[in-house]
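These notes concern the structure reproduced below.
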Amino acid sequence: MKFRPVLATTALVTFFVLCIASLSFAATAKVRGSSGNGENSNVQNWMLLGRSKYLTLSGNNKSVKWSTEIICLQQDVAVTDPNNTDPTLSGGCTSGIYMHLWQLQSTSANVTFTVSRLVNFTPTDPINNPQAPPNWGVMLCDANDPTTGNTIEMCTNLPQSSLPIITGSPMSQTPVTSFSFTIPSFPSVPAGTAQQGQGLVLFIVETQPSPLPLARPQIAVH
């Protein structure tokens, strides 16, 4: 049988176009409220790793101060989870579902904040699936009553209307191991409580195949 190079080339190009279309998008970040992750009264069930000290990250003449925090989105910190009978999961979330938070401060403009070494992360697509709970975006402070709300998780102390237009897009093929946020400018964010901190808070949710070992993402700016 004779090989038809024109048809083969066309098919190959079509294949790659479809792959790129299915694996990439650029969309405006959605928001979540910290109260949906837990309350002060049950913080022992959801706070896995408290906020870190601020460090400075630089690249491409951009500079960002950052702090990080990890919570168990299912409120299943293994050592306090009544359904967990496996002591080897201590230090993790029983479900393997981790929310990584980064609080950012910067005076730089047009910053791309890239999170890599992600595990089992499929970003929700707010364009084609707007009803899906976002697993990436901006975390807002939305319940500041210390009795009934959440004043312990780091969050952005601004209304959604005051946020810049932040976009996100996967930077690798499925499974997505790298994801970037594009921030045109950093808003002036009032300080929250000492635990909420001060700055723009981004989040990504990973669902690990097994709770431990915990894969810690790597971050960069450019």
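Go through (1) touching a Cys at 6+ places or on another chain (Cβ under 8 Å); (2) not in a loop (DSSP other than H, G, I, E, B) for Ile204 and report which single condition fails.
Ile204 satisfies every listed condition except (1).
Here is a yes/no grid of residues against (1) farther than 17 Å from Phe186 by Cβ; (2) surrounded by fewer than 17 Cβ atoms within 10 Å (Cβ to Cβ); (3) touching a residue at least 60 places away in the same chain (Cβ under 8 Å):
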residue: Ala29; (1), (2), (3): no, no, yes
residue: Arg32; (1), (2), (3): yes, no, yes
residue: Glu39; (1), (2), (3): yes, no, yes
residue: Asn45; (1), (2), (3): yes, no, no
residue: Arg51; (1), (2), (3): yes, no, yes
residue: Thr56; (1), (2), (3): no, yes, no
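Quick one: in the stretch 192-211, of everything that is among the hydrophobic types (A, V, I, L, M, F, W, C) and buried (at least 23 other Cβ atoms within 10 Å of the Cβ), which residue is nearest to the chain's Cα centre (by Cα)? Write out each step before concluding.
So the first thing to find is which residues in the stretch 192-211 are among the hydrophobic types (A, V, I, L, M, F, W, C), and the list is 194, 200-205.
Filter once more, keeping what is buried (at least 23 other Cβ atoms within 10 Å of the Cβ): 200-203.
Working: Leu200: 12, Val201: 9, Leu202: 6, Phe203: 3 Å.
So, considering only residues that are among the hydrophobic types (A, V, I, L, M, F, W, C) and buried (at least 23 other Cβ atoms within 10 Å of the Cβ), the one nearest to the chain's Cα centre (by Cα) is Phe203.
Which residues, taken from the stretch 143-161, are of a type in the set (D, E, K, R) and under 19 Å from Gln74 (Cα atoms)?
Glu153, the sole residue that qualifies.
Yes/no matrix, rows are residues, columns are (1) hydroxyl-bearing (Ser, Thr, Tyr); (2) over 24 Å from Thr107 (Cβ atoms):
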site: Val138; (1), (2): no, no
site: Ser161; (1), (2): yes, no
site: Ser172; (1), (2): yes, yes
site: Thr182; (1), (2): yes, no
site: Ser185; (1), (2): yes, no
site: Ser188; (1), (2): yes, no
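Among the residues of the stretch 165-184, which ones are at pLDDT 95 or above and either loosely packed, with under 13 Cβ neighbours inside 10 Å or aliphatic (A, V, I, L, M) (or both)?
Once the filter is applied, which keeps residues that are at pLDDT 95 or above and either loosely packed, with under 13 Cβ neighbours inside 10 Å or aliphatic (A, V, I, L, M) (or both), the stretch 165-184 yields Ile165, Ile166, Ile183, Pro184.
State all residues of the stretch 147-161 that are farther than 23 Å from Ile70 by Cβ, modelled with pLDDT of 95 or more and hydroxyl-bearing (Ser, Thr, Tyr); if no residue qualifies, say none. Talk me through it step by step, then tell me what you get.
Keep residues of the stretch 147-161 that are farther than 23 Å from Ile70 by Cβ, which gives 147-148, 159-161.
Next cut, modelled with pLDDT of 95 or more only: 159-161.
Hit for the stretch 147-161 is Ser161, nothing else.
With the requirement that a residue be within 25 Å of Asn135 (Cβ to Cβ) and either aliphatic (A, V, I, L, M) or over 17 Å from the mean Cα position of the chain (by Cα) (or both), what does the stretch 39-53 give you?
Answer for the stretch 39-53, where residues must be within 25 Å of Asn135 (Cβ to Cβ) and either aliphatic (A, V, I, L, M) or over 17 Å from the mean Cα position of the chain (by Cα) (or both): Glu39, Asn40, Asn42, Val43, Gln44, Asn45, Met47, Leu48, Leu49.
Take the residues in the stretch 117-161 that are out of contact with any strand residue (DSSP E or B) (no Cβ under 9 Å at 6 or more places or on another chain) and among the hydroxyl-bearing types (Ser, Thr, Tyr); name whichever of them is farthest from Ser35 (Cα to Cα).
So the residue we want is Ser161.
Within the stretch 54-62, does at least one residue satisfy the condition of being within 19 Å of Asn120 (Cβ to Cβ), modelled with pLDDT of 95 or more and among the aromatic types (Phe, Trp, Tyr)?
Taking every residue of the stretch 54-62 in turn, none turns out to be within 19 Å of Asn120 (Cβ to Cβ), modelled with pLDDT of 95 or more and among the aromatic types (Phe, Trp, Tyr).
Thr151: surrounded by 16 or more Cβ atoms within 10 Å (Cβ to Cβ) and farther than 19 Å from Thr28 by Cα, yes or no?
So Thr151 fits the description; yes.
Do we have Pro209 as in a loop (DSSP other than H, G, I, E, B) and either in contact with a Ser or Thr (Cβ under 9 Å, 6 or more places away or on another chain) or without any contact (Cβ under 8 Å) to a residue 24 or more places away in the chain (or both) here?
Judged against the criteria, Pro209 is not a match.
Here is a yes/no grid of residues against (1) more than 27 Å from Thr193 (Cα to Cα); (2) at pLDDT 95 or above; (3) among the small types (Gly, Ala, Ser):
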| site | (1), (2), (3) |
| --- | --- |
| Cys93 | no, yes, no |
| Leu104 | no, yes, no |
| Asn120 | yes, no, no |
| Asp145 | no, no, no |
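The values are calculated or read from the model by the stated rules, or taken from the named source; none is laboratory data. Bear in mind that the values here come from a model prediction, so they are computed numbers and not experimental data. All Cβ positions, glycine included, derive from the backbone under ideal geometry; neighbour counts span all protein chains shown.
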